[in-house]
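Participant: Got a structure for you, questions after.
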Amino acid sequence: MKFYKRNQTRKINIGGVIIGGGEPIVVQSMTNTNTKNWKATVKQIKQLEAVGCEIVRISLPDMESAYNVSKIKKNIKIPLVADIHFDYKIALEAIKQGIDKLRINPGNIGSKDKVEILAKEAKKAHIPMRVGVNAGSLKEVRNLFDNASRAKALADTAIEYVEVLEKHVFFDIVVSLKASNIDTTVQAYKIFASKRNYPLHLGITESGSIFNGTIKSSVGLGIMLYDEIGDTVRLSLTADPIEEVKVAYSLLQSLELRSSGIEIVSCPTCSRTQIDLIKIVSDMENKVTTIKNLRKLSKPIKVAIMGCVVNGPGEAKAADFGIAGDGKDSGILFKSGEIIGKVKSESWVLKLVSMIKDRLKNSLED
Ligand code: SF4
């Protein structure tokens with residue numbers, strides 16, 4: 001297991017969730033409902049909570065949305081962050097309504113006096129602020145054409161705004177420096193991390209669909225996380241935000257930084273496969289996300305789902321639970337390396353899920 005020394009950043013409290021200072025990396029997402037419709041927003045946040053989202057951001061494009069902050073907050077369990085662009089008065093209303101954190105974009109919030117007003121009010125309310133620098137909204141970045149210059153401009157802009165907050169003795173700061181290009185993003189975060197110790201919110205912006213966005217974000221965030229940069233992540237995907245949370249946990253688990261509670265190992269299938277393994281594994285993945293409290297396990301339960309008896313038994317034996325296909329309709333079931341029976345292929349998911357639930361129950365009772 002890789003040993004990470006992730007304790008270099010300042011600890012920031014966001015509505016009871018601590019980020020930075022070596023705390024476990026926090027998984028965030030963002031709603032895509034219309035915030036004016038607070039009931040639909042609450043419904044989506046509850047779905048995000050169920051899959052393990054730990055901090056959620058909502059967009060406040062207008063005052064009407066800002067007036068909904070307290071109603072939304074009352075109906076959810078995780079800290080709520082307001083995403084503000086253009087109008088600092090919306091941010092002031094969000095503070096009044098009890099928001100847990102503000103995210104402002106220096107590229108469009110206007111003059112620095114507005115940031116100063118926000119710093120004063122956020123300090124009074126004891127809430128942190130994220131300076132979220134985004135390459136697309138900064139003309140000084142857009143006009144540059146090489147990655148290194150763009151990265152430097154992103155980092156310089158973040159420092160400039162951080163200095164405005166620091167001037168007002170405001171240090172509850174989180175920073176993000178997002179671009180859609182991996183090299184620019186990684187370089188920008190590295191420059192900033194070498195200059196300030198504020199916790200970093202990682203993301204590759206506009207990364208794309210579940211397929212492309214997952215790959216791009218995982219490469220970009222993977223490089224930084226492996227290098228011990230980053231305290232919280234948001235995987236921006238053009239998809240249901242639930243997918244962002246699932247991908248984030250999978251990414252963090254693959255780097256041994258967080259546990260989603262479950263690790264599924266499966267073979268790629270070949271001409272020896274006589275069962276519909278692709279469907280079984282996909283059903284299994286969907287089913288396990290609905291198991292409550294799985295993320296409370298510090299070490300994931302390893303489950304192997306293998307197509308045949310060539311490599312199957314080896315992997316299945318090494319897992320906590322495993323099944324290796326042994327013909328058209330059935331498989332050999334393993335538990336902690338021992339064969340414990342045979343299971344018809346239509347019951348693999350059910351059987352494995354029930355074994356996982358039993359193991360979880362026993363582990364939590366210990
Ligand atoms: S475990 Fe069996 S079915 Fe799966 S890829 Fe290997 S040989 Fe093929």
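Participant: Determine the shape class of the chain: with a ≥ b ≥ c the square roots of the Cα gyration tensor eigenvalues, call it rounded for a/c under 1.5, and otherwise prolate if a/b is greater than b/c, oblate otherwise.
Facilitator: Because a/c hits 1.5 or more and a/b exceeds b/c, the chain counts as prolate.
Participant: Please enumerate, by chain and number, the aspartates and glutamates with C-alpha under 12 Å from the C-alpha of LYS178, excluding those fewer than 8 residues away in the same chain.
Facilitator: GLU206
Participant: Here's a follow-up. A 19 angstrom limit on the alpha carbon distance is what I want to check against. Which of LYS279/LYS335; LYS36/LYS246; LYS287/LYS357; LYS36/LYS96 exceed it?
Facilitator: Numbers: LYS279/LYS335 22 Å; LYS36/LYS246 26 Å; LYS287/LYS357 11 Å; LYS36/LYS96 17 Å.
Result: LYS279/LYS335; LYS36/LYS246 exceed 19 Å.
Participant: Given 4 °C and 1.567 mPa s, compute D for region 262-365 with the Stokes-Einstein relation, Rh being the Kirkwood radius over Cα pairs; round to the nearest whole µm²/s.
Facilitator: Using the Kirkwood radius from Cα pairs, D works out to 96 µm²/s.
Participant: Sticking with this one: Determine the dipole magnitude for region 12-254: charges of +1 sit on the beta-carbon of Lys and Arg, -1 on that of Asp and Glu, nothing else is charged, the reference point is the Cα centre, and the result goes in debye to the nearest 20.
Facilitator: 580 debye
Participant: While we're on this one: Given contacts defined as C-alpha pairs under 8 Å and at least six residues apart, what's the relative contact order of region 1-55, whole-number percent?
Facilitator: 28 percent
Participant: Under 19 Å from the Cα of LYS167, which lysines turn up, not counting those fewer than eight places away in the same chain?
Facilitator: Within reach: LYS112, LYS114, LYS120, LYS123, LYS124, LYS195.
Participant: So in the chain, what percent of DSSP beta bridges are antiparallel if you round to the nearest 5?
Facilitator: The answer is about 30 percent antiparallel.
Participant: For LYS43, go through the lysines and keep the ones whose alpha-carbon is under 17 Å away, minus same-chain ones fewer than eight residues off.
Facilitator: Here the lysines satisfying the reach criterion relative to LYS43 are LYS71, LYS73, LYS74, LYS77.
None of the figures in this text is laboratory data; all of them are computed from the coordinates on show. Predicted model only: the values in this text are computed from it and were never measured. When we count neighbours, we look across all protein chains shown, and the Cβ atoms used for this are built from the backbone with ideal geometry, even at glycine.
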